[in-house]
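S.K.: One structure follows; several queries about it will come next.
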Amino acid sequence: MKLGVLERRLAAILAADVVGYSRLIGLDEEGTLARLKAIRSGLIDRKIAEHHGRIVKTTGDGILVEFHSVVDALRCANEVQADMAERNAAVPAERRIEWRIGINVGDIVVEDGDILGDGVNIAARLEGIAEPGGICVSARVQEYAAGKLDNVAFADLGEQRLHNIASPVRVYRVSEGVASRVSLPLPDKPSIAVLSFTNMSGDPEQEFFAEGIAEDIITVLSKSRSLFVIARNSSFTYKDTTVSVRDIGRELGVRYVLEGSVRKSGNRVRATAQLIEAATGRHLWAERYDRELTDIFAVQDEITASVTAAIQPAVDRSERERAARKAPESLDAWESYHRGMWHFANIEAAENAKARCFFQRAIELDPRFARADAALALTYLNEITLFSPDRRTANIPLALEHAGNAIKIDVADATAHAALARALWMSGLHAESLAEADLAVRLDPNSAVAHGAQGGARLWGGQPREAITPLQTAIRLSPFDPLVPLWSHFVARAHYWAEDYAASIAAARQLRHSFPQFRQPYNTLIAALGQTGQVDEAQIVMDDAIERFGVGFRRYMALPLDELRELRSADREHLIRGFRKAGLVE
């Protein structure tokens, strides 16, 4: 006996069945079978043939069809359901023949004319969750078909657990949508549309609260110089429609879409928000907020602040990943900048050097690119702080130069003012540094770099207690920022200079555990342990530091003021007292 070879292929599978078939047969067996036969021959079989489908098998109330094209399968389903709606208009509700349809695209196995496999099973399960007269499709169908059919929209139903299917399946409901609009090109910087938040409360009076949050988010985001934000009059036109996120992105010419919902129950309100990459449907960030509704405007402001603070870091991460996937020679100025930020995020000397090269290239491609100049300044400062302290004399003038260039190009760029503030405190110019840092925060209250600069300027300028809040704000705004180790070290040092040695030890220990190759917290930890009499542990930390960084580490325990100009004499003596109590300096 010769065994046959199984045929496998990719196909679009349509599964359909009649809603309430047994009930209809019970009401009128002959009449139902006659009407169903007429519908099959006069509509369904004809539409399948028109759209190049192959009927695999039928049952009394169901049909399984294979298509080579996802678009053909979806067009066939839409036309069938539209025709059935017209046929049923004059029929009593209890006697209507209505179909559920599910469509999936996947790998199938062909055996004796039948088709098998998960691709078929998922189509059948999608049909089972569709509404009477409705169509449900998988995410792959939505991805292939979006934008290719006029007047068709997709409503995202989220991931669904389907019976006997191992993994959740993202499901979309198909419906008629707004007429397809002309696609707009993407601008030369990240672009975002904020949709009107959906009021899930069932209370029309809460509509203003839902719209108010979205409108406030648009207002705050519009202040960002690195984002192209669509005005509310355009993004709110999609309210109460089922247009897919991909189509919204295409029609508005944006890369990112923010959508959300608000639900009020009693004296509590729950808001959700999610940031989506329009072209792929990929979720970049999502959060839920549960609040007591004691002051509706205060809650609205709080949710707005939380959402807007999260968006910029999420967009930046996405832009860096996108730039990292492209060949270096194909990058334009903006992409070169983000490729540099991708390397900059990796706390290593070699990565810092690569980042510098990309920032320099961005400036060559666009000499008016302020953010690239500001980022270039940060690479010189990071090289001193994190990798090569002996580069101070050469690097600080370069950092001052490039931060100054960025401000000349764009006086309102918060990152440029933050970079200048850092270069100034490292030059010992504390009053000037604090003024620049405060200006950076005023220019962009959602900038983590600005708050970090403000905390650093206060710390090195003799205001350790006042430094802690902006430093913690910086970490909260951008928890994955490459400057987090530096900000965390500043927090530990601020507690030390504020004579809260227990808090300093806790912060320095955590930082040493998270970033063991970062040398700065070792000094602070040793001094704080000395102040609290924990001499043995201080010696252990010292031995660990020498093993990691070499015997030259001892030199950093008492650098002269002319080398470490940001260190005020009183603060330096405070550190040395801790080292002495630890028994590690004379």
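S.K.: For residues that are open to solvent by 20 Å² or more (accessible area, probe 1.4 Å) and either assigned to a loop (DSSP other than H, G, I, E, B) or of a type in the set (A, V, I, L, M) (or both), scanning just the stretch 260-292, find the one that is nearest to I248 (Cα to Cα).
M.R.: Ranking the candidates gives A279 first.
S.K.: Show me the helices (runs of 4 or more DSSP H) entirely contained within the stretch 1-119 in which 2 or more residues are touching a strand residue (DSSP E or B) at 6+ places or on another chain (Cβ under 6 Å).
M.R.: Result: 70-88.
S.K.: I'd like to check something: does the stretch 63-72 contain any residue that is in contact with a His (Cβ under 9 Å, 6 or more places away or on another chain), of a type in the set (S, T, N, Q) and open to solvent by less than 60 Å² (accessible area, probe 1.4 Å)?
M.R.: Yes.
So that you can scan it fast, the table gives a plain yes or no per residue for (1) free of Cβ contacts under 8 Å to residues at least 24 places away in the same chain; (2) under 36 Å from the mean Cα position of the chain (by Cα); (3) more than 14 Å from A12 (Cβ to Cβ); (4) open to solvent by 20 Å² or more (accessible area, probe 1.4 Å):
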{"residue": "A89", "(1), (2), (3), (4)": "yes, no, yes, yes"}
{"residue": "A93", "(1), (2), (3), (4)": "yes, no, yes, yes"}
{"residue": "R100", "(1), (2), (3), (4)": "no, yes, yes, yes"}
{"residue": "D112", "(1), (2), (3), (4)": "yes, no, yes, yes"}
{"residue": "I129", "(1), (2), (3), (4)": "no, yes, yes, yes"}
{"residue": "G134", "(1), (2), (3), (4)": "no, yes, yes, no"}
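S.K.: Considering only residues that are assigned to a helix (DSSP H, G or I) and surrounded by fewer than 19 Cβ atoms within 10 Å (Cβ to Cβ), which ones fall in the stretch 476-500?
M.R.: Answer for the stretch 476-500, where residues must be assigned to a helix (DSSP H, G or I) and surrounded by fewer than 19 Cβ atoms within 10 Å (Cβ to Cβ): just R476.
S.K.: Then there is this: Within the stretch 160-188, can you find the residues that are at pLDDT 80 or above and part of a strand (DSSP E or B)?
M.R.: Correct list: Q160, V169, R170, V171, Y172, R173, V174.
S.K.: Sticking with this structure for a sec: Mind checking which residues of the stretch 511-530 are modelled with pLDDT under 90 and more than 35 Å from the chain's Cα centre (by Cα)?
M.R.: N523
S.K.: Looking at the stretch 348-385, which of its residues are open to solvent by 20 Å² or more (accessible area, probe 1.4 Å) and among the small types (G, A, S)?
M.R.: Once the filter is applied, which keeps residues that are open to solvent by 20 Å² or more (accessible area, probe 1.4 Å) and among the small types (G, A, S), the stretch 348-385 yields A349, A350, A353.
S.K.: Would it be correct to say that T473 is among the β-branched types (V, I, T) and open to solvent by 30 Å² or more (accessible area, probe 1.4 Å)?
M.R.: Criteria not met by T473.
S.K.: With the condition being out of contact with any Asp or Glu (no Cβ under 7 Å at 6 or more places or on another chain) and within 19 Å of A355 (Cα to Cα), I'd like the helices (runs of 4 or more DSSP H) fully within the stretch 382-467 carrying at least 3 qualifying residues.
M.R.: Those helices (runs of 4 or more DSSP H) span 392-409, 414-426.
S.K.: Could you tell me which numbered condition V254 fails, if it satisfies all but one of (1) over 23 Å from K189 (Cα atoms); (2) part of a loop (DSSP other than H, G, I, E, B); (3) open to solvent by less than 10 Å² (accessible area, probe 1.4 Å)?
M.R.: V254 satisfies all of (1) over 23 Å from K189 (Cα atoms); (2) part of a loop (DSSP other than H, G, I, E, B); (3) open to solvent by less than 10 Å² (accessible area, probe 1.4 Å) except (1).
S.K.: I want to confirm something. Restricting to the stretch 293-305 and keeping residues that are touching a residue at least 60 places away in the same chain (Cβ under 8 Å) and more than 20 Å from the chain's Cα centre (by Cα), which single residue is most open to solvent (accessible area, probe 1.4 Å)?
M.R.: Taking the candidates together, the pick is D301.
S.K.: Give the number of residues within the stretch 263-312 that are modelled with pLDDT of 85 or more and of a type in the set (V, I, T).
M.R.: Number of matching residues: 2.
S.K.: In addition: Would you call T280 out of contact with any Ser or Thr (no Cβ under 8 Å at 6 or more places or on another chain), farther than 23 Å from A193 by Cβ and among the hydroxyl-bearing types (S, T, Y)?
M.R.: no
The values are calculated or read from the model by the stated rules, or taken from the named source; none is laboratory data. Keep in mind the model is a prediction, meaning the values are calculated, not measured. Every residue, glycine as well, gets a Cβ built from its backbone with ideal geometry; the counts of neighbours run over all protein chains shown. Only protein heavy atoms, including side chains, enter the accessible area calculation; ligands, DNA and RNA are left aside. Shrake-Rupley method; radii C 1.70, N 1.55, O 1.52, S 1.80 Å.
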